[in-house]
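> Below is one structure. I have some questions about it.
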There are 2 protein chains.
Amino acid sequence: MTTTAASLDQLCVNTIRALAIDTVQNANSGHPGLPLGAAPMAYALWTRVLRHSPSQPQWKDRDRFVLSAGHGSALLYSLLHLTGYELPLEELKRFRQWESRTPGHPEYRETPGVEVTTGPLGQGFANAVGMAAAEAHLAARFNRPGHDVVDHYTYVIAGDGDLMEGVVHEAAALAGHLRLGKLVCLYDSNAICLGGATNLSYTMDAAKVFEGYGWHVQTVADGNDLDAVTKAVEAAKAVADKPSLVVVRTSIGFGSPKANTFGVHGAPLGAEAVVETKKALGYPSTEPFFVAPEALAEMRKAVERGKAAEAAWRKKVDAYRAAHADLAAELERALSGALPAGWDQDLPKWTPADKPVATRAAGGKVINALAAKVPELFGGSADLNPSTETALKGAGDFESPAFQPADKQGAVGGEWGYAGRNVHFGVREHAMASVSNGIALHGGLVPFSATFFTFADYMRPALRLAALMQAHQVFVFTHDSIGVGEDGPTHQPIEQAASLRLIPRLTVVRPADANETAGAWRFAMAHPGPVALLLTRQAVPVLEGTASADVAKGGYVLADCEGTPDVLLVATGSEVHLAVEAKAILAGRGVKARVVSLPSTELFDAQPQAYRDAVLPPSVLARVAVEAGVPAGWEKYAGAFGAIVAIENRFGASAPLKVVMEKYGFTAANVAEKAAAVVAALPQKLAAVGLRKA
Amino acid sequence: MTTTAASLDQLCVNTIRALAIDTVQNANSGHPGLPLGAAPMAYALWTRVLRHSPSQPQWKDRDRFVLSAGHGSALLYSLLHLTGYELPLEELKRFRQWESRTPGHPEYRETPGVEVTTGPLGQGFANAVGMAAAEAHLAARFNRPGHDVVDHYTYVIAGDGDLMEGVVHEAAALAGHLRLGKLVCLYDSNAICLGGATNLSYTMDAAKVFEGYGWHVQTVADGNDLDAVTKAVEAAKAVADKPSLVVVRTSIGFGSPKANTFGVHGAPLGAEAVVETKKALGYPSTEPFFVAPEALAEMRKAVERGKAAEAAWRKKVDAYRAAHADLAAELERALSGALPAGWDQDLPKWTPADKPVATRAAGGKVINALAAKVPELFGGSADLNPSTETALKGAGDFESPAFQPADKQGAVGGEWGYAGRNVHFGVREHAMASVSNGIALHGGLVPFSATFFTFADYMRPALRLAALMQAHQVFVFTHDSIGVGEDGPTHQPIEQAASLRLIPRLTVVRPADANETAGAWRFAMAHPGPVALLLTRQAVPVLEGTASADVAKGGYVLADCEGTPDVLLVATGSEVHLAVEAKAILAGRGVKARVVSLPSTELFDAQPQAYRDAVLPPSVLARVAVEAGVPAGWEKYAGAFGAIVAIENRFGASAPLKVVMEKYGFTAANVAEKAAAVVAALPQKLAAVGLRKA
């Protein structure tokens, strides 16, 4: 019996391997090494531990699984197919082909059962930390004695490459600090990476390092030992107050002629080697895509197990609903992603009579007004709360209950322990964004994260993935220009605004004043994808005519003139008030100017042509765009005959902000000067290119 | 005597503190906390250990000092002034003012004695790893028995914030692996960061983690104990085969009323608190900028010590020159930064008759041709040598001698141990770039680093600093577009080319073919600042007329027509050959097209107006720009009436490259189609904005 069971297990493991190498070979592209080495741990995890429901991939209380080593996608696709997810063999045969459900690296939203887009190393691990944090928070908020309706684990398989990435170390240190006991990482330690043996560059003692981060660490000496892997994972689950790392020693490309060499990492084995491998593994057939029927039957049991597990959970929820109707309704709403009724009522408003206010300060008021209505707003900053003004007042710190005050130990819900909503990410910008991606993908929460805008550079790989995955969250970037002043060029963004606008499907909003800031937050909360808010350090006046509602259009006429304008002044953020003041100066000189506030170029460009032409009349060729950053991106609004007041080919400087702004030409007088010059030079500019007014 | 010495030491430490807090208070901006807490370790290091020559800050064999916690700049400026660097008290009084030599964060090139620009946390630490690596390599190449002409240490002071950053963990793991024994980090462990006590987010066991990375770790329990700090640093120096971390427990804001609170981290103390602090420290005067004369006299002894040390080194060099004239001359040349005579002779050339070649492959041939002539070319990839083709053949691996083959142990020079020139950075893109910055700043080497272009995002903070510091080095980015194919959107750059072009003073070159690749490398070697090369994964034809020399102009006419062109086709990289083919298609339809290859927009924009107008005649309004990336940045070349063939508002896709390229419209037929449409639509477009041909 045990031998039969053992041999059936072995057949299942080899079926995963065979299917994965066939998938890669058929595409003649991909990574066979990881699936061959990691198939046993993946099989043990997926069939003996993981609580998932292949017929209901979206079951809310499922365990989460992340393949951080995304290049091993063929392993994941094999598992999904064999355990009964909606991924037919035909899709595995279309691996890495146009519009298949089996892209080269796993892609969120493209394949049922894929929880997150992975491939850029380190990201999946950090996403998993976010998923575990989200589970801990929702469990603390919603579970009640006898009612554990939020109760699942997060598992991740990571490779040597992941563990070399800094973002993993940031996220691991954070997870250890937070004591996320329901996070388990299986580390596929094969000592081979793409460039060669890892000892060329990698000799760290991972166990010791992770223990230093506060993790529980175990080692499995033989990655082919299914029982050892299973026991280790069960032991990891038993440690409730520490995340667990299981170092699993494996052989990359196990069973293949090129086993344990980097040649097997990222290139197909070749048809002959595929056959040799199957023979070496004792696989019953060498026929491509042959799936051993007994193995399929055994692994498909996951479907029924999953249905039973989900049904049991639904019973739990019914009992919970009976005992805690309001909490149950609130949990359901939060998990559905719908914002609470009236979420955007009572947002603060400002008037020009108010004294100038930094948009970061306005943002602080807005986020607190929102937080009072939207309990799922959850996040924090990279050790900059006092500067980014993103602290949620009275909402508690998200931390291990071990750090709770003695008299609050055992407190349920409220603002204590994991129920706290202010996340202290530490000076870990990259992990902050990657972890926030994981929180957003988990569901039930709308994460926000904040730091100085110049440090958006540290977060860029995660910002890109947030856009690629359309993870709903808000990135708050304060100190958004040379207006930072004394801290100097390392802390003064110059190219950052333009560069975030380049990321497809990331919406960037740079509000002109307090009221536009409220509008930007309102838009961000309702928008399904990621939004970056660029806010000032310095105070800016509250302008006449800025309306929260207009922000969603991306741009609008803020201040107009009689009849057709002689010149259009287009500006964003802290430069809009300069344009308004320049308009008055120009009026004094008989030049009619229209001021257009353009807080979001992406949103404006998405408006109907008629609206855009109404705001920026195509026939008005004299235009000046103003932004305290690089000129790139403004050509299309300034046009071929306009000018751009920007920062060209240089960085910022350390000095009081008024001095820096003036030295760099960000004054109303200079904007007016440039505008008058553009108007005056228009005829010559046209003539120079052989044109004239019709 | 000892008491006198001890009290004089104490007076010196307090003079550093007093000067630092006066500097911050006078500017009413800055960070007093770190200088007050770290002054003792800094004093011990600078006056008892550091081999430096204040009157000759550029002495080649000086020890390097990096203040990674750059916000503590007032500490560094105090040290520089007191030990006799050319930084008068007046400059400290102009702290954080326009064009002062004392900017808010230390800036390389702005202040004598400042080795590197720091402020973005973690960077300085990684730069220091690069400096130590450079020293190890140059020592291995040039030192000979009895002649240690390259023999200095690298010291870094890092804070809690640094140790939270992933780039520090990447760099520390690399330094531990490389066993860089002459790197010593003093960790200012004060348990306070900007947002509050570090235990809000930071509880890692730094000693254990660094031991896991292979570091030698010591702890000094009292950061005010000068002898304990000195002993620890001496002990660290004595460990030759491991980098050393000295955990120094300090009190942030020591002596001030706000000591040990985050309130003292980043805001001036206030005039009263400054006075209180000086009194608490027992400082002889509370007068602003009072410098105790005995302390100044004592610390200024660094000048004479430095002259003596440098003189002793010059004697060593003379003896070395006598014994090894060629090596001495070569060392002098390398340290001077001058390239060897004939460095760019014998670069490979290709002809259109050759079969298509990927520019990454051409780059591999070029870098090896250069490496044969330029011994200071030193670098590697983030575990992607087989893919980036940047391995220097026969140049050996840069690694600890401990990893050398037994029969090569003790080999001098050659390609063994630290004399190897191929650096294996591991999957640590961010550290790769930061470490390369340090290598470049050390001098004597021209570093290069390589990875897939999409992962440039991981390196962005270091790329920005390379540009800000104008560190001479080459970043090689291969797999530069959707031409990557099967690996899919996570591995296909879309916005990266446009986004690197936004970084001021970073030169980006995207060559069209093998010959332009040779030109790009030639330019990069001779250019004093950082250059990024964007190279294809896929083969591209060698084009008629691409000339290595033209690359330095940024753009040139590659293929022209008779008379005035009807349309200009502007393209870069792998899209240039599409423009050439489109030109032929258009000719068949009676449309005269000129093809402009624009490998570097920055270089082209820097050309005289006359040259730019000759290449892109302003009167030719029908223009099509082609690049397999975002359209942003091309508006200014396509003009208001042209078109851009690019990738708008979407990411890439996983499929064979030919399929992806075709689906995304990167075919000669589509380019020709767009061009014909632009020519046809020009009159209507002009009319729409009220213009016509004069």
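> So, A:Val476, is that one more than 11 Å from every other protein chain (Cβ to nearest Cβ), buried (at least 24 other Cβ atoms within 10 Å of the Cβ) and among the β-branched types (Val, Ile, Thr) or not?
The answer is yes for A:Val476.
> Consider A:Thr351 carefully, then state whether it is polar (S, T, N, Q), modelled with pLDDT of 95 or more and over 25 Å from the mean Cα position of the chain (by Cα).
The answer is yes for A:Thr351.
> For the stretch A:73-93, how many residues are free of Cβ contacts under 8 Å to residues at least 24 places away in the same chain and buried (at least 19 other Cβ atoms within 10 Å of the Cβ)?
Counting residues in the stretch A:73-93 that are free of Cβ contacts under 8 Å to residues at least 24 places away in the same chain and buried (at least 19 other Cβ atoms within 10 Å of the Cβ) gives 0.
> Now for a separate question. Any chance you could count how many residues in the stretch B:329-347 are in contact (Cβ under 8 Å) with a residue 60 or more places away in the chain and surrounded by 14 or more Cβ atoms within 10 Å (Cβ to Cβ)?
Residues that pass the stated criteria total 8.
> Suppose the filter is within 14 Å of chain B (Cβ to nearest Cβ), of a type in the set (D, E, K, R) and under 16 Å from A:Pro356 (Cβ atoms); does A:Arg537 pass it?
yes
> Right, something else. Mind counting the residues in the stretch B:485-531 that are more than 11 Å from every other protein chain (Cβ to nearest Cβ), in contact with a strand residue (DSSP E or B) (Cβ under 6 Å, 6 or more places away or on another chain) and without any contact (Cβ under 8 Å) to a residue 60 or more places away in the chain?
2
> Take the residues in the stretch B:165-179 that are part of a helix (DSSP H, G or I) and farther than 13 Å from B:Ala126 by Cα, then tell me which one is nearest to the other protein chains (Cβ to nearest Cβ).
Among those that are part of a helix (DSSP H, G or I) and farther than 13 Å from B:Ala126 by Cα, it is B:His177.
> Report, by residue number, each residue of the stretch B:378-426 that is in a loop (DSSP other than H, G, I, E, B), within 20 Å of B:Gly214 (Cβ to Cβ) and in contact (Cβ under 8 Å) with a residue 24 or more places away in the chain.
B:Ala382, B:Asp383, B:Glu399, B:Ser400, B:Gly420, B:Phe425, B:Gly426
> Now a separate question. If you go through the stretch B:124-163 one residue at a time, how many are within 14 Å of chain A (Cβ to nearest Cβ) and either under 12 Å from B:Ser434 (Cβ atoms) or of a type in the set (Ser, Thr, Tyr) (or both)?
Matching residues across the stretch B:124-163 total 7.
> For the stretch B:615-638, name all the residues that are at the interface with chain A (Cβ under 7 Å from one of its Cβ atoms) and under 34 Å from the mean Cα position of the chain (by Cα).
Those that are at the interface with chain A (Cβ under 7 Å from one of its Cβ atoms) and under 34 Å from the mean Cα position of the chain (by Cα): B:Val630, B:Ala632, B:Gly633, B:Glu635, B:Lys636.
> Then there is this: Please go through (1) surrounded by 24 or more Cβ atoms within 10 Å (Cβ to Cβ); (2) not in a loop (DSSP other than H, G, I, E, B) for B:Val116 and return the number of the only condition it doesn't satisfy.
(2)
> Ok, one more. The conditions are (1) in contact with a Phe, Trp or Tyr (Cβ under 8 Å, 6 or more places away or on another chain); (2) within 14 Å of chain A (Cβ to nearest Cβ); (3) of a type in the set (A, V, I, L, M); (4) surrounded by fewer than 23 Cβ atoms within 10 Å (Cβ to Cβ), and B:Ala433 fails exactly one of them. Which is it?
For B:Ala433, the exception is condition (4).
> Given (1) within 22 Å of A:His152 (Cα to Cα); (2) assigned to a loop (DSSP other than H, G, I, E, B); (3) in contact (Cβ under 8 Å) with a residue 12 or more places away in the chain, where does A:His105 come up short, assuming only one miss?
Here A:His105 meets the rest and fails (1).
> Looking at the stretch B:605-614, which of its residues are of a type outside the set (S, T, N, Q) and either buried (at least 22 other Cβ atoms within 10 Å of the Cβ) or within 13 Å of another protein chain (Cβ to nearest Cβ) (or both)?
Selection gives B:Asp605, B:Ala606, B:Asp613.
> If you take the residues of the stretch A:74-113 that are of a type in the set (A, V, I, L, M, F, W, C) and out of contact with any helix residue (DSSP H, G or I) (no Cβ under 7 Å at 6 or more places or on another chain), which of them is nearest to the other protein chains (Cβ to nearest Cβ)?
Looking at residues that are of a type in the set (A, V, I, L, M, F, W, C) and out of contact with any helix residue (DSSP H, G or I) (no Cβ under 7 Å at 6 or more places or on another chain), I get A:Leu76.
> Can I ask one more? Could you give every pair whose Cβ atoms fall below 8 Å, whose first residue belongs to the stretch A:459-471 and is at the interface with another protein chain (Cβ under 8 Å from one of its Cβ atoms), and whose second residue is of a type in the set (Lys, Arg) and assigned to a helix (DSSP H, G or I), counting only separations of at least 6 or pairs across chains?
A:Arg460/B:Arg460
> Under the condition of being among the hydroxyl-bearing types (Ser, Thr, Tyr) and outside any loop (DSSP other than H, G, I, E, B), which residue from the stretch A:241-295 is nearest to A:Val24 (Cα to Cα)?
A:Thr277
> How do the strands (runs of 3 or more DSSP E) wholly within the stretch B:448-549 filter down when requiring 3 or more residues that are among the hydrophobic types (A, V, I, L, M, F, W, C): which remain?
B:474-478, B:531-534
> Considering each of B:Val209, B:Val184 in turn, give the residue that is crowded, with 22+ Cβ neighbours inside 10 Å, within 11 Å of chain A (Cβ to nearest Cβ) and not in a loop (DSSP other than H, G, I, E, B).
Checking each option against the conditions leaves just B:Val209.
> Do you know which of the residues in the stretch A:555-574 that are among the small types (Gly, Ala, Ser) and part of a loop (DSSP other than H, G, I, E, B) is modelled with the highest pLDDT?
In this case the residue turns out to be A:Gly555.
> Turning to a different aspect of this structure: Across the stretch B:254-276, which residue is surrounded by the fewest Cβ atoms within 10 Å (Cβ to Cβ) among those that are over 26 Å from A:His491 (Cβ atoms) and touching a residue at least 12 places away in the same chain (Cβ under 8 Å)?
Looking at residues that are over 26 Å from A:His491 (Cβ atoms) and touching a residue at least 12 places away in the same chain (Cβ under 8 Å), I get B:Pro257.
> Now, a different point. Select from the stretch B:664-681 the residues that are touching a helix residue (DSSP H, G or I) at 6+ places or on another chain (Cβ under 9 Å) and over 18 Å from B:His577 (Cβ atoms) and write down the one among them that is surrounded by the most Cβ atoms within 10 Å (Cβ to Cβ).
Here the answer is B:Val678.
> Right, another one. Given the conditions (1) of a type in the set (Gly, Ala, Ser); (2) within 14 Å of chain B (Cβ to nearest Cβ); (3) not in a helix (DSSP H, G or I), which single one is not true for A:Gly223?
(2)
> Please find, among B:Gly181, B:Gly166, B:Gly146, the residue that is of a type outside the set (Val, Ile, Thr) and farther than 30 Å from B:Glu415 by Cα.
Just one listed residue meets the conditions, B:Gly166.
> Separate question: List the number of the failed condition for B:Pro656; all other conditions in (1) within 11 Å of chain A (Cβ to nearest Cβ); (2) free of Cβ contacts under 8 Å to residues at least 60 places away in the same chain hold.
Unmet condition: (2).
> Separate question: For the stretch B:190-203, does any single residue satisfy the condition of being modelled with pLDDT of 95 or more and not in a helix (DSSP H, G or I)?
Within the stretch B:190-203 (the criterion being modelled with pLDDT of 95 or more and not in a helix (DSSP H, G or I)), the answer is no, since none of the residues qualifies.
> Assess whether B:Leu121 counts as being within 14 Å of chain A (Cβ to nearest Cβ) and in contact with a His (Cβ under 9 Å, 6 or more places away or on another chain).
For B:Leu121, the condition - within 14 Å of chain A (Cβ to nearest Cβ) and in contact with a His (Cβ under 9 Å, 6 or more places away or on another chain) - is met.
> Right, something else. Name the residue that is farthest from B:Leu370 (Cα to Cα), counting only residues in the stretch B:390-399 that are more than 10 Å from chain A (Cβ to nearest Cβ) and surrounded by fewer than 22 Cβ atoms within 10 Å (Cβ to Cβ).
Once the filter is applied, the top-ranked residue is B:Gly396.
The values are calculated or read from the model by the stated rules, or taken from the named source; none is laboratory data. Because the structure is a prediction, the values reported are computed rather than measured. Reconstructed Cβ throughout: ideal geometry from the backbone, glycine too, with neighbour counts over all protein chains shown.
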